Amino acid sequence: MDEEYDVIVLGTGLKECILSGLLSVDGLKVLHMDRNDYYGGESTSLNLTQLWKHFKGEDKPPEQLGASRDYNVDMFMMANGSLVRILIHTDVTKYLNFKAVDGSFVYNKSKIYKVPATDVEALKSPLMGLFEKRRARKFFIYVQDYDENDPKSHEGLDLTKVTAKELISKYGLEDDTIDFIGHALALYSSDNYLDQPALDFVKRMKLYAESLARFQGGSPYIYPLYGLGELPQAFARLSAVYGGTYMLNKPECKIEYGDDGKVIGVTSEGETAKCKKVVCDPSYLPDKVKKVGKVARAVCIMSHPIPDTNDSHSAQVILPQKQLGRKSDMYLFCCSYAHNVAPKGKFIAFVSTEAETDNPKVELEPGIKLLGPVDEIFYDNYDRYEPTNDHTADNCFISASYDPTTHFETTVNDVIQMYTKITG
């Protein structure tokens, strides 16, 4: 193992695989190692037997759930946004098939509604009364026509200075409307955006509308056939095509430092591979991360779609924090045999949120109640970590843990920031 690499990547979670793909395409020499004997780390997909073992510690699921191999159950969720730009940029779509998610919904006053995304849909939406619809339509038209490079479209507002709250108040929108626009269209997970400059808010709404137009489905989201576990593998293949080297099942990957505190290599089984930089998930460098939160999650197997989602075989429902009296949003995602993740007639639903207590069952209840009867339910929670090290001092680039959002923007933003730091 005497070779020298530009970068060694530890862990084959989705972020690590996207980065090794991007860095290999850039011509860097990459070695990718994992202590597990499978791809994906936390972001792998489990068949029914593995799922049973993971949550129940025994390997005999009931027969009426169907064949184990027909299941691909994700351990965290995704949908579209910036990810699509990376997929297209790297051409990784050669190795993957995606299908649009049928519907995008929002929870409001104890009910589920379709998210209106354009001025035409705003006029049809039962979310708003007649006068509110007109105000919302004007606001949507402003956003659709807004062009950063065309001052005529700005209506005299400088969105780098005007806050989101000030922009919204110009159109006189009600609180419930602001709730679904901010959380289900702009995909903010808290209300802090209201005090920030409005440009990011408007851009996020535009991204939602563009994605909706691109996929021509009922939502701006896409989801890979056979589940998310396909994604890390596709990026791993991409990396290999560009000369990346893979080693799975490498126990105790120990990171070695030189006298100046910078990374010089990684040792496993008595052999050291030299490198200039290390990219890894928090589990490989526990002394350089801090706990920043906890995600509570439920995975449910059902025999029907989520009620009130127009029988959608795949759907995302966002429950804004205010509607639940919480500090953070809750997310529901459902997929089914239409995405090849379950046997015919079966649906898999996920409920996730940032944990605010130590009792995920009670905390996730508002989301679980919306699912109707479930065949099986698994509860899970995990800690979230963020790096505390100075990457310029040690050349270690550590990803942040996955948060409870199901739409994936935060994951991709983390990847893009890490990529920028690694490549300068």
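Remarks
- Subset of segment 183-211 (residues that are farther than 20 Å from G156 by Cα, of a type in the set (G, A, S) and either open to solvent by 60 Å² or more (accessible area, probe 1.4 Å) or in a helix (DSSP H, G or I) (or both)): A184, A209, S211
Per-residue answers, yes or no, for (1) open to solvent by less than 30 Å² (accessible area, probe 1.4 Å); (2) at negative phi; (3) touching a Lys or Arg at 6+ places or on another chain (Cβ under 7 Å):
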| residue | (1), (2), (3) |
| --- | --- |
| Y246 | no, yes, no |
| Y257 | no, yes, no |
| D287 | no, yes, no |
| S303 | no, yes, yes |
| I306 | yes, yes, no |
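- Scope segment 29-66; condition of a type outside the set (D, E, K, R), more than 22 Å from A400 (Cβ to Cβ) and assigned to a loop (DSSP other than H, G, I, E, B); matching residues: Y38, N47, G57, P61, P62, G66
- Here segment 319-349 is the region considered, the condition is being more than 19 Å from F105 (Cβ to Cβ) and of a type in the set (D, E, K, R), and the residue that is least open to solvent (accessible area, probe 1.4 Å) is K346.
- Strands (runs of 3 or more DSSP E) wholly inside segment 313-379 that include at least 1 residues being among the hydroxyl-bearing types (S, T, Y) and in contact with a Phe, Trp or Tyr (Cβ under 8 Å, 6 or more places away or on another chain): 330-336, 347-354
- Scanning segment 350-389 for residues that are of a type in the set (S, T, N, Q) and loosely packed, with under 15 Cβ neighbours inside 10 Å yields T357, N359, T388.
- Qualifying residues in segment 229-243 (those that are in a loop (DSSP other than H, G, I, E, B) and touching a Gly at 6+ places or on another chain (Cβ under 8 Å)) - the one most open to solvent (accessible area, probe 1.4 Å): Y242
- Residue within segment 102-120 that is crowded, with 19+ Cβ neighbours inside 10 Å, in contact (Cβ under 8 Å) with a residue 40 or more places away in the chain, β-branched (V, I, T) and in a helix (DSSP H, G or I) present: no
- Restricting K274, K294 to those that are in contact with an Asp or Glu (Cβ under 8 Å, 6 or more places away or on another chain), open to solvent by 20 Å² or more (accessible area, probe 1.4 Å), more than 20 Å from Y382 (Cα to Cα) and outside any loop (DSSP other than H, G, I, E, B) reduces the list to K274.
- The set of residues in segment 260-301 being out of contact with any Phe, Trp or Tyr (no Cβ under 9 Å at 6 or more places or on another chain) and among the charged types (D, E, K, R) consists of D260, K262, E269, E271, D287, K288.
- The criterion of being assigned to a loop (DSSP other than H, G, I, E, B), crowded, with 18+ Cβ neighbours inside 10 Å, at positive phi and among the small types (G, A, S) does not hold for G218.
- Figure legend. Inter-residue proximity from segment 335-360: first residues at pLDDT 90 or above and of a type outside the set (V, I, T), second residues assigned to a strand (DSSP E or B) and open to solvent by 30 Å² or more (accessible area, probe 1.4 Å), beta-carbon distance below 7 Å, spacing 6+ or different chains. Indicated pairs: H339/K99; A355/K294; A355/N381.
The values are calculated or read from the model by the stated rules, or taken from the named source; none is laboratory data. In this text, all values refer to a predicted model and were calculated from it rather than measured experimentally. Note that each Cβ is placed from the backbone with ideal geometry, even for glycine, and that neighbours are counted across all protein chains shown. Areas reflect the complete protein model, heavy atoms only, side chains present, ligands, DNA and RNA absent. Shrake-Rupley method; radii C 1.70, N 1.55, O 1.52, S 1.80 Å.
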